[in-house]
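These notes are about the structure you will find just below.
The values are calculated or read from the model by the stated rules, or taken from the named source; none is laboratory data. None of these values were measured; they are calculated from a predicted model. Neighbour counts are summed over all protein chains in view; Cβ atoms, including those assigned to glycine, are modelled from backbone coordinates with ideal geometry.
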Amino acid sequence: MSSRIPRIAERTNILVVGGAGFLGSHLCEFLLEKHNVICVDTYFSGKEQNIDHLLVNPHFEFIRHDIREPLDFKLFKGLERFRVAHIGVQHIYYLAGSVSPTVYLKHPVDVSMTCSAGTRNILDLAVEWRARLLFLSNAVLYGTVTEGPISEDQGGELDWRSPEEWYPSALRFGESLVEMYRATYSLETKIVRLFQTYGPRMHFDDGRFIPELIRAHLHNEEIVIDERFVKASCLYISDAVDALEKIMLTEKGAVYNLGSPTSYSIDELIAAVARLTGSEPRVRRALLDQDAALRIQYAWIQHARTPNMTLLRDAAAWFPVVLLEEGLQKTIDYMKALRGIRRINS
């Protein structure tokens, strides 16, 4: 016998800030199976095409809003069907701090203010409605810690004066603010430190290693890789969003690593993409200087760590299930289609 689909009024109201981004759009799609989803985004780094297919869903509402400014639900008539003015939201996912290196290296002030002013605004909303809050952080926060697997209680140094470390420094402040609110207002909060994640809806200008590698193969371009970038932990997007919901539903408030417990050598990843695209890899190794044009390589190295996943596995019985080649094939197929759309529109 099939289970009954809950009506709008019976569903949990969930707010996803940064919901038009790569990770956020997949999370919205995943949550819509059981919940009402309110997606907030400015399209600063997210893209409208990521959520176009969700706009017709009666359980989905999009709000274009900059979370660095307070969010007042009463201003949005579309939320009336979810009875938000009366019951508010029950869960909040704060995914607004961009993890795309090309974004946070180019717009450090905007990203940092999202991690500070934006985080405060969303925490105030969580206090108002006594909502559970999940704050998405990132593995770059571990600073100089490079040996893995890295556990949540480790922490390396950060040079807050260095442009490469403005983003992780902002994340550390965001995490501290979440902890302050948890302790002061007895909020239910979770902090998730995301390691390298990949999948469809990543774009050619994303700046992360997997889309850059696929782009180079699809366009028969050379890719230069820093000699210090030797391995990476790669988690497929469907495993990531499944983990986020499981973390939100755990009763224990904590800091969790989220990534693949398996790391791959860069040569393995290059060979896999070459095999799936049917192209010859044009890869050159070099020891790159960290000037403005090559800071992206520093971001790759910082994202290459392997997480210790014991805490999440024990708390939520979670483990990734998508195999590397399966996930890479889906990502390649999406980027091939994206390339075709670009050609049609050019």
So which residues in the range 46-67 are surrounded by 15 or more Cβ atoms within 10 Å (Cβ to Cβ) and farther than 16 Å from residue 20 by Cβ? 59
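Results for (1) in contact with a Leu (Cβ under 8 Å, 6 or more places away or on another chain); (2) within 23 Å of residue 28 (Cα to Cα); (3) among the aromatic types (Phe, Trp, Tyr), shown as yes or no for each residue.
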residue	(1), (2), (3)
154	no, no, no
188	yes, yes, no
203	yes, yes, no
219	no, no, no
234	yes, yes, no
253	no, yes, no
Is it true that residue 318 is within 21 Å of residue 22 (Cβ to Cβ), among the aromatic types (Phe, Trp, Tyr) and modelled with pLDDT of 85 or more? yes
Inspect the range 2-11 for any residue being surrounded by 14 or more Cβ atoms within 10 Å (Cβ to Cβ) and modelled with pLDDT of 95 or more and give the result as yes or no. no
Across the range 178-231, the tally of residues that are polar (S, T, N, Q) and within 19 Å of residue 141 (Cβ to Cβ) stands at 3
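Just to be sure, is residue 173 closer than 22 Å to residue 247 by Cα and surrounded by fewer than 19 Cβ atoms within 10 Å (Cβ to Cβ)? Reasoning before the result, please.
Numbers: closer than 22 Å to residue 247 by Cα: yes; surrounded by fewer than 19 Cβ atoms within 10 Å (Cβ to Cβ): yes.
In short, yes.
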Select from the range 12-41 the residues that are assigned to a strand (DSSP E or B) and free of Cβ contacts under 8 Å to residues at least 60 places away in the same chain and write down the one among them that is surrounded by the most Cβ atoms within 10 Å (Cβ to Cβ). 37
State the number of residues belonging to the range 147-170 that are surrounded by 14 or more Cβ atoms within 10 Å (Cβ to Cβ), closer than 20 Å to residue 234 by Cα and out of contact with any Lys or Arg (no Cβ under 6 Å at 6 or more places or on another chain). 4
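Residue by residue, here is whether (1) basic (Lys, Arg); (2) surrounded by 15 or more Cβ atoms within 10 Å (Cβ to Cβ); (3) closer than 30 Å to residue 189 by Cβ holds:
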residue: 216; (1), (2), (3): no, yes, no
residue: 223; (1), (2), (3): no, yes, no
residue: 226; (1), (2), (3): no, yes, no
residue: 231; (1), (2), (3): yes, yes, no
residue: 235; (1), (2), (3): no, yes, yes
residue: 240; (1), (2), (3): no, yes, yes
residue: 248; (1), (2), (3): no, yes, yes
residue: 255; (1), (2), (3): no, yes, yes
residue: 259; (1), (2), (3): no, yes, yes
In the list 150, 247, 214, 225, which residue meets the criterion of being at pLDDT below 90, of a type outside the set (S, T, N, Q) and within 25 Å of residue 330 (Cβ to Cβ)? 225
Members of the range 87-123 found to be farther than 16 Å from residue 177 by Cβ and in a helix (DSSP H, G or I), listed by number: 87, 101, 102, 103, 104, 105, 106, 108, 109, 110
